[in-house]
Amino acid sequence: MKNKKYAKISTKKLKTSKYSRASVLFLFFLVIFLLIVVKLYFIQVVSHKKYKNIAFRQHNVEKNIISSRGEIFLKNGNDTYPIGVNREYFMAFLSPRDVKDELITDVAKRTSEALDVDYDVILQKLAKRNDVYEVVRHKIEHDKKEKIVKMNIQGLHFLPEYFRFYPGGSLAAHVVGFVGSDGDKYVGRYGIEAYFDKKLHGNDGKVIQNRDARGGWLTSSKRIVSEKKDGDNLLLTIDYTVQYEVERILKEAIEQYEADSGSIIVMEPKTGKILALANYPTFTPNKYNEVDDIAVFRNDAVSEEYESGSVFKPITMAMGLDSKKITPDTTYVDTGHVKVAEYTIKNSEEKVYGLQTMTQVLEKSINTGVIYVEKLVGNKKFKEYVERFGFGALSEIELPAEADGNISNLEHLNRNVEFYTASFGQGITVTPLQLAVAYSALANGGELLKPQIVEKIVHSDGKEEIIEPHIVHRVISEEASKQVGKMLRSVVVNGHGKRADVPGYLIGGKTGTAQVANTGKKGYDDSQTIGTFAGYGPINDPRFVIIVKIDNPKTVVWAESSAAPTFGKVMQYLLDFYNIAPTEKIK
């Protein structure tokens with residue numbers, strides 16, 4: 001009986017162990033199955049695109065067709081001047097497989113000397129004995145390439161490549177910018193090159209065809225071709241000759257007055273077209289990588305905000321004229337100062353002028369006179385005019401890194417002191433471009449125009465797109481515009497702008513010697529000034545608005561001795577260049 005019981009127990013244990021092994025095997029294969037399903041899910045669903053691309057590359061040859069970058073031109077009378085073009089260079093590469101073992105050191109030495117590349121770097125490339133393509137150097141000019149070819153260096157070959165070239169050297173550098181590497185590819189950096197990078201670059205094409213086991217094209221397979229689209233060409237409003245002369249005059253002024261830097265803008269007030277835009281110091285786009293300080297790339301005429309000083313006074317005067325709060329002959333009595341809250345605002349050099357007309361206010365650049373006008377206009381209306389003149393906003397010129405200025409001091413309408421100082425260009429910041437746009441509105445009859453830097457776009461299919469002038473809105477009336485023009489003419493004849501005049505023509509404008517705000521603390525740096533002259537002419541038929549800005553001149557203090565004569569030289573040149581006949585007798 002005991003044996004039978006034992007047998008029964010043993011059989012039961014045996015059956016139980018069989019079931020356990022079966023369960024384990026089932027779970028094992030179930031897990032394997034689930035892993036396979038998950039793996040297939042990730043391959044076929046999650047990573048579908050990745051493996052599809054791998055398979056595509058294994059079975060197909062894909063080659064890019066590089067598009068040609070569009071070129072940039074300046075106006076040159078009735079012709080054009082190429083300022084940013086594509087130039088053929090050569091890339092040198094070694095094919096180590098083609099170099100005999102016994103010639104490796106000789107090839108490395110000769111290649112190193114010919115291309116000015118480190119000897120050890122060449123040796124490392126040649127050590128890859130089965131390689132057929134090791135790049136040694138880019139951007140080799142044609143003459144140098146021809147000399148090296150005659151040296152018959154074994155395994156050294158050349159391929160053509162195209163890079164940007166700027167025939168004008170530093171001419172219009174801040175407008176044009178340059179093409180440089182971003183690490184992966186060459187793109188537009190600064191200026192027109194950056195702003196219009198997509199249009200200039202175009203779209204690369206592709207050729208796709210099945211490959212054989214050795215990687216070659218199967219000629220019997222279907223070839224898929226995606227056509228390239230070359231970049232658009234751009235014709236700028238900048239005139240080559242005018243730009244050249246303006247840059248020469250600016251450089252001469254910076255050196256003469258021992259200034260830190262400067263900017264000049266020449267604009268057509270009736271169209272908004274920019275004929276010249278210059279900054280100094282400048283750089284050469286062909287050698288952009290050789291500059292000591294990348295700050296030189298900044299286009300200060302568009303990007304630098306500063307307190308413009310008294311060149312803002314005609315803007316305030318135009319507000320009073322347009323709102324009919326004053327006329328050019330309206331009088332007030334100057335006491336030499338204006339008290340507001342805990343502040344006392346004085347005239348320059350603490351002068352007291354007594355009874356003065358509004359025209360005399362501009363002639364003598366009287367701070368309290370424009371405060372008088374601002375009071376009549378009122379803070380709310382003053383702020384609205386400032387905004388309508390384009391200050392505190394981007395003009396949307398087609399150049400990168402445009403600054404919008406800062407008029408935040410005018411946010412609180414009850415802070416009279418901010419409005420009083422703003423009336424003569426202090427406490428708010430503007431850019432030279434904004435001044436050019438605002439003075440164009442004063443000159444052209446009262447309309448604010450968008451500044452224009454591109455005249456025409458020529459698409460890759462040959463179609464031309466002409467860029468028309470764009471009127472943003474009316475700022476002041478035609479009557480107010482004419483009145484301001486006569487007042488500015490009086491400033492040049494009787495005031496601080498005498499050295500800006502051109503004999504035989506009615507030229508008008510205003511000086512501004514601005515203080516420079518301290519960095520990191522309140523107040524102004526007494527050791528620095530910025531001289532500006534803003535004006536236009538001829539007053540009876542305005543053709544040119546010119547803004548001249550001279551930063552921190554050392555040999556003179558006042559703008560009437562630096563910016564004003566520089567303005568006069570530019571205006572004289574423009575009147576002669578465009579054959580504008582004099583209208584006045586020369587005394």
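No value in this document is a laboratory result; all are computed from the given coordinates. Please read these numbers as outputs of a predicted model, since none were measured by experiment. Glycine also receives a Cβ, built like all others from the backbone with ideal geometry; neighbour counts cover every protein chain displayed.
What number, in percent, do you get for the relative contact order of the chain if the mean sequence gap of Cα pairs under 8 Å and at least 6 apart is divided by its residue count?
Once divided by the residue count of the chain, the mean separation gives 13 percent.
As a quick test, which of the pairs K383/K450; K75/K198; K109/K150; K251/K569 have an alpha carbon distance above 18 angstrom in this structure?
Pairs exceeding the cut-off: K383/K450; K75/K198.
Please identify which residues in segment 255-296 have an amide N closer than 19 Å to a label point set 7 Å out from the Cα of Y162, following the Cα→Cβ vector.
Answer for segment 255-296: 286.
What number, in nm² with one decimal, is the all-direction average of the projected area of the convex hull of the alpha-carbon atoms of the chain?
Answer in nm², one decimal: 50.7.
May I ask you to order 513-519, 385-391 by the average number of other C-beta atoms within 10 Å around their residues, highest value first?
Going from most to least packed, we get 385-391, 513-519.
Would you mind calculating the gained length between T331 and L413 on full extension (0.36 nm times residue separation, minus the Cα-Cα distance), in nm to one decimal?
26.9 nm
Leaving out same-chain residues fewer than 8 places away, which aspartates and glutamates sit with a Cα under 15 Å from that of K375?
In chain and number order, the partners are D322, D334, E384, E418.
Ranked highest first by the average count of other Cβ atoms within 10 Å around their residues, in what order do 119-125, 535-541, 291-297 fall?
535-541, 119-125, 291-297
Once the piece of chain linking Q528 and F28 is laid out straight, how much longer is it, given 0.36 nm per residue of separation minus the C-alpha distance between them?
Details: separation 500, 0.36 × 500 = 180.00 nm, distance 8.38 nm.
Contour length minus the Cα-Cα distance gives 171.6 nm.
Give the Rg (one decimal place) followed by the Dmax (whole number) of segment 92-189, computed from C-alpha coordinates and expressed in Å.
Rg, Dmax (Cα atoms, Å): 16.5, 54.
Which three numbers, in whole Å and largest first, are the semi-axes of the equivalent ellipsoid of segment 237-577 derived from its Cα gyration tensor as √(5λ)? Numbers along the way, then the final one.
On the way: eigenvalues 188, 102, 81 Å².
Taking √(5λ) for each eigenvalue gives 31, 23, 20 Å, largest first.
From zero up to wherever the largest Cα-Cα distance of segment 428-510 sits, split into 10 Å bins and tell me the percent of pairs in each.
16, 32, 30, 14, 6, 1
Computed over the Cα atoms of segment 467-586, what is the convex hull's projected area averaged over all directions, in nm²? Spell out each step's value before the answer.
On the way: hull surface 42.1 nm².
Projected area, direction-averaged: 10.5 nm².
How far apart, in nm, are the 7 Å Cα→Cβ label points at K463 and S348?
5.4
Tell me the label-point distance for the pair S68, S181, using the 7 Å Cα-to-Cβ offset, in nm and rounded to one decimal.
Label at S68, label at S181, 2.5 nm between them.
For segment 85-165, calculate the relative contact order in percent as a whole number, restricting contacts to Cα pairs under 8 Å that are 6 or more residues apart. Working shown, then result.
Values: 131 pairs, mean separation 46.4, N = 81.
Worked out over segment 85-165, it gives 57 percent.
Which whole-Hz couplings ³J(HN,Hα) result when phi for each residue of segment 579-584 is put into the Karplus expression 6.51 cos²θ - 1.76 cosθ + 1.60, θ = phi - 60°, listed in order with x for Gly and Pro?
6, 8, 6, x, 10, 10
HN-Hα J couplings of segment 536-547 from phi, Karplus 6.51/-1.76/1.60, θ = phi - 60°, integer Hz, Gly and Pro as x?
Ordered by residue, 3J(HN,Hα) equals 7, x, x, 4, 6, 7, x, 10, 9, 9, 10, 10 Hz.
Enumerate the aspartates and glutamates that K554 could reach by cross-link, defined here as Cα to Cα under 16 Å, with residues fewer than 8 away along the same chain left out.
Output for K554: E252, E255, E258, D260, D525, D526.
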